[in-house]
Each structure stands twice: as C-alpha cells, then as structure tokens.
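To start, the structure under review is shown below, and the notes come after it.
The values are calculated or read from the model by the stated rules, or taken from the named source; none is laboratory data. Keep in mind that what you see is a predicted model, and the values were worked out from it rather than measured. Cβ placement follows ideal geometry from the backbone for every residue including glycine, while neighbour counts extend to all protein chains displayed. Ligands, DNA and RNA are excluded from the accessible area calculation, which covers all protein heavy atoms including side chains. Shrake-Rupley method; radii C 1.70, N 1.55, O 1.52, S 1.80 Å.
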Amino acid sequence: MVGGTPVGGTPSGRVPQTVEQAEGRRRYWDRFYRVPQECMPAVSLGEVEMLARRFRPRPGLRAVEVGCGRGSFSASLAALGLVTTGYDWSEVGIQAARWSWRDPRVSFAVHDFLGGRAPAGVTNGSVDVLACRVTLQYLDTAFWSAARRWLRPRTGTAYVVLPVNERQPPEKGECGLPEAVIERLRDDWARSERWHLDSERAFTALLLQGPLR
C-alpha cells in the first residue's frame, strides 16, 4: 500500500508514495530477510531485561509488534508472558520467523500497516502493548494515529526503538528520525520514559504509556 506523510512530517524516501516504490521496498526487505541477519541494533538480553524492569508486564497481556522481521523481539515478548503477534510486510521475513520460533504464545502474519490499516482482529482499545522496534521511521502519520487508538485507554503501552539521526555515522546518513521528532513522540501520553541502548546514544528507546488522545 502507498503511504502518506512520514512520521516526523519530512519526506525521507523511506515511506513509499507510489505503488512502484511500495513494491520496490517490499522486494528490498524480502532480499534482506533471505540472509540470516537482523536489523541493528540486534535484540539483546539486556534490552529485554531493561524493558521488563521498567514495564513489569503481566502474563496474558496482548502484544503486537509492527515490523517484526525474523521475529526475535516478538519471541522475547512472548517469553515475558505476553500473547504476541508479530507482523511484517515481507513474506520472507514472516516465513523465517515462523520457522525460528515455536512458542505457543507467539504467532506471525503478513500485514502492511501503511495508511493506518489494522490487522484482522485489532480494533480500537484491543492491544495492551505495541512494539515498533526500528520501524517507525518507515511508517506514516496515519499509522501512528491509528496505533495509538488500538492501545487500551489509560494502560496501553507503546515501546519504540529508533536510530537517532544526529548520532549516526556519515555512511549511515539519516536512517532514523531527528532528535526533535523523537522527543515530540512523547507528547500526549500519561507517562513516558526514554533511555539509550548503546554508549554512543545512536539508538534510543521510548516507553509510552496511557495515550491521551
């Protein structure tokens, strides 16, 4: 599907604006996931433990990961006791995730979130935890607005990991979002926390709880 205005408002080339661009991006990610590799930063035990300490999830909560790739973070959420569905628009990525993880608490499905399209069974107020790990820079504002509504009022939690543009090496370019845009993502939540995943502060994590609108 063709996307709209990118999160952050500035055209970046990462959100496809034509059908041809969308197909090109999908083919890119299919090629990416045919090789045993993960998007940086790789999921680590330290990251998952940090999230668990700050969030303290209850077993049985419903989690959705947007852009799960090979599924390692979705599987980590399931290991915390969350009933998790990981979605990705790459069929190759989803096939790899299904082959890699057998936990009955985690499942995987193909879905294109551009334009704020909800997967089957996801309705307003139906999700406890929404994870966007190194994916939000590829999505549009229609998705982010819809995703906030999918979360349960007052208690719904979004976990977002992003590359910080200003902290990236020159060869990476603007692969994430600018610092100012990342900080604006914290607006209109009852509670927000932010921490960095690496000593260079190139990757940052947001824990956003209780969408206010």
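So here's what we get for this one:
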| quantity | calculated |
| --- | --- |
| Region 19-40 and region 77-96: distance between their alpha carbon centers, rounded to Å | 16 Å |
| Kirkwood Rh, Cα atoms: Rg over Rh of the chain | 0.92 |
| Accessible surface of region 1-154, 1.4 Å probe, proportion on carbon and sulfur as whole % | 55 percent |
| GluC sites (Glu not before Pro), loop per DSSP, at most 12 other Cβ atoms within 10 Å - longest free stretch of the chain | 1-170 |
| Accessible surface of region 158-213, 1.4 Å probe, proportion on carbon and sulfur as whole % | 46 percent |
| Accessible area in square angstrom per residue, region 13-169, 1.4 angstrom probe | 46 Å² |
| Sparse-neighbour loop sites [trypsin sites (Lys or Arg not before Pro); region 44-147; at most 12 other C-beta within 10 Å; DSSP] | Arg102 |
| With DNA, RNA and ligands ignored, accessible area of Ile182 (1.4 Å probe; Å², nearest 10) | 0 Å² |
| Most mobile of Gly86, Gly156, Gly60 in a GNM of the chain (Cα contacts under 10 Å) | Gly60 |
